[in-house]
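All of the numbers you see were taken from the coordinates with simple rules; none came from a lab. Fair warning: this is a prediction, and the values are worked out from it, not measured in the lab. Ideal geometry is used to build each Cβ from the backbone, glycine not excepted, and the neighbour counts take in all protein chains shown.
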Amino acid sequence: MILPYLFLFLGATDQSMPVDEFLQWDFNQAKSIALAERVSGKVGKSLDFRINSTDRSYNFKLRATWLTPKTIQALARLSQIAQALSNAETREMIAAGMSSGDIIIQVEIDPREGSGIIPSDWVALLGPRRADSASPRVVRGLNSPKLRELPSLAAVPPRDYSWELFWLVFTSKAEDGQPLFSPSDSEAELAVRIQGKVGKVMLPIPKPLR
C-alpha cells in the first residue's frame, strides 16, 4: 500500500523537481513529526506478586512508532541535516524506506526489574481496534533487524539505549486476502506478548491503508 508513494522520489533530480515540503523542515520540526506517531504503554501489570525470583522481568515498558510516509520523510530529513546529504540522496533514502514493507512499526521494549532480558520468543499482533486475536483480520509481525541499516527507518535521535529497538513488518492484507483495515476503521491495536504477559497500544491508521 505504500508503494504508490514511490513515484514522488524515484528518478528525480534536484533540478527536475520542486523542493518538497519535508526538505524545508528544520531539525526540531523533523524530530517533532517523527515522534508524532509514537505511543507508549506497558506489557504486564504494574507489579506482579507471583514473581519472586530475578530470572525474568515482572513487566516491560513499551513504545511503538508507526513508520508512515511522513514519519519516514522526517527521519530522512534528520539524516540529511546530520550528514549534509543532497536532496537527491535524501529522496533515494525515503524511497528505500517506503519499499521495505507494507506496514513497518518500530517497537521499543524496556524490561523492568528482574533479569532485564527480553525473551526471543515474544510476538506482536496488529489488527483493527477491538479485533479478537483469533480474527483473520489480525496479522503477526515479522522481526526484520536488517531494516536498522536504513537511515530513513532509524530511531529518532538521540537514541535511548535503555530501550531495545525492533523493526516489525506487517502485511496490509488479512489472512483471507482482504485489506487488514476497512474504511470504517480509524485505530489499529498493536498487542505485544512477552512471557504470558500482554500489552496493547492504539495507533491511528494512516488514510492510505483504509
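Rank these for me by crowding, 171, 90, going from fewest to most other beta carbons within 10 Å. Display every interim value, and only then the final one.
On the way: 171 16, 90 24.
Going from sparsest to densest Cβ surroundings: 171, 90.
All other residues with a Cβ under 14 Å from the Cβ of residue 155 taken together, and with Lys, Arg as +1 and Asp, Glu as -1, what is their net charge?
-1
Fully extended, how many nm does the chain gain between residue 88 and residue 186 (0.36 nm per residue separation, minus their Cα-Cα distance)?
My answer for the length gained is 31.9 nm.
On a full-extension model of 0.36 nm per residue, what is the gain between residue 27 and residue 148, subtracting their alpha-carbon distance, rounded to one decimal in nm?
Numbers: separation 121, 0.36 × 121 = 43.56 nm, distance 2.07 nm.
Here the segment from residue 27 to residue 148 would lengthen by 41.5 nm.
First check a/c for segment 69-142, with a ≥ b ≥ c the square roots of the eigenvalues of its C-alpha gyration tensor; if it is under 1.5, answer rounded, and if not, answer prolate when a/b is larger than b/c or oblate otherwise.
Oblate, because a/c is 1.5 or more while a/b does not exceed b/c.
Using a Förster distance of 22 Å, how high is the FRET efficiency between residue 173 and residue 132, based on the Cβ-Cβ distance and rounded to 0.05?
The value I calculate is 0.75.
Taking neighbour Cβ counts within 10 Å as the exposure measure, how do 75, 147, 190 sort from fewest upward?
With the sparsest Cβ surroundings first, the list reads 147, 190, 75.
Residues with beta-carbon under 14 Å from that of residue 35, excluding residue 35: net charge, scoring Lys, Arg +1 and Asp, Glu -1? Before the final figure, lay out the partial values.
Working: positive: 31, 38, 63, 70, 77, 159; negative: 37, 108, 160.
Neighbour charge sum, excluding residue 35 itself: +3.
Quick check: net charge around residue 166, other residues with Cβ under 15 Å of its Cβ, Lys/Arg +1 and Asp/Glu -1? List each step's numbers first, then the result.
Numbers: positive: 38, 61, 63, 140, 146, 148, 159, 193; negative: 108, 110, 121, 149, 160, 164.
Surrounding charge for residue 166 is +2.
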